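Here is the structure we will look at, set down as structure tokens.
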Amino acid sequence: MGDRFNTAAGWALFAGIIALGGAIVSSKFFHEERPEKMGYAIEGVEAEGAGGAASGPGLNTLLASADVAAGEKVFAKCAACHTVNQGGANGIGPNLYGTVGEAIGQGKGGFAFSDALKSKGGNWTFENLDHWLTSPREFAPGTKMTFAGLGNPADRANLIAWLNKQGANLPLPAADAAPAAGGDNAAPAEGANAASNAAAPAENAASQ
């Protein structure tokens, strides 16, 4: 009995030694530490909101070169809820004839606008339309409009230009002026020219 117990105890001790040794060896190969920076970057994907409004041409420039025919094609995304013909009936959304320049959330044959839109105030300027089409929920939090918005600035400008032709025909803005070539580098050159021009009469006077 004693021999059998000793043998079993010996095997158990041996198994424990093997397990401990295996753990030590594996820790040498699989060393785990918390990385300094969690996660990893995906190439070609910018953080949300980074450089959004600052990149690309501005609204005025896009409107000045807008493609009205392309805007009509963009309107196909809106046609399920809106009509745009003069005297057209309201649908899920209001009829949009003559919308550009009108008061926000008013008129339209008594359409039931949300309180969020009725309380917005102001008119449907090009800028307000661009903001609305970018994200209705950001423009008027609480709006009943379920459309997520148009992410492409050119699509928005084309659509606004086309809507403007439907009963409003307001003059489109001129394109934004291009930034001056040379920027800050031009200032020293102008200063140097002024200094040289000022020095010339003094030299001439001295020679006389």
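The values are calculated or read from the model by the stated rules, or taken from the named source; none is laboratory data. This one's a predicted model, so the numbers in the text were calculated from it and none came from an experiment. Here Cβ is always computed from backbone atoms with ideal geometry, including for glycine, and neighbour counts include all displayed protein chains. With ligands, DNA and RNA removed, areas are computed over all heavy atoms of the protein, side chains included. Shrake-Rupley method; radii C 1.70, N 1.55, O 1.52, S 1.80 Å.
Filter segment 168-184 down to residues that are touching a residue at least 12 places away in the same chain (Cβ under 8 Å), open to solvent by 40 Å² or more (accessible area, probe 1.4 Å) and either touching a Lys or Arg at 6+ places or on another chain (Cβ under 7 Å) or not charged (D, E, K, R) (or both), then give me how many there are.
4
In segment 124-146, which residues are open to solvent by 50 Å² or more (accessible area, probe 1.4 Å), part of a helix (DSSP H, G or I) and out of contact with any helix residue (DSSP H, G or I) (no Cβ under 7 Å at 6 or more places or on another chain)?
Residues satisfying the conditions are 137, 138.
One line per residue, one yes/no per condition, for (1) small (Gly, Ala, Ser); (2) at pLDDT below 50; (3) part of a helix (DSSP H, G or I):
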position: 148; (1), (2), (3): yes, no, no
position: 155; (1), (2), (3): no, no, yes
position: 164; (1), (2), (3): no, no, yes
position: 169; (1), (2), (3): no, no, no
position: 172; (1), (2), (3): no, no, no
position: 181; (1), (2), (3): yes, no, no
position: 186; (1), (2), (3): yes, yes, yes
position: 192; (1), (2), (3): yes, yes, yes
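Can you name the residue in segment 109-122 that is more than 21 Å from residue 79 (Cβ to Cβ) and surrounded by fewer than 13 Cβ atoms within 10 Å (Cβ to Cβ) and is also modelled with the lowest pLDDT among such residues?
Once the filter is applied, the top-ranked residue is 110.
Within segment 88-108, identify whether any single residue is closer than 23 Å to residue 60 by Cα, open to solvent by 50 Å² or more (accessible area, probe 1.4 Å) and either touching a Ser or Thr at 6+ places or on another chain (Cβ under 9 Å) or in a loop (DSSP other than H, G, I, E, B) (or both), and answer yes or no.
Yes, segment 88-108 contains a residue that is closer than 23 Å to residue 60 by Cα, open to solvent by 50 Å² or more (accessible area, probe 1.4 Å) and either touching a Ser or Thr at 6+ places or on another chain (Cβ under 9 Å) or in a loop (DSSP other than H, G, I, E, B) (or both).
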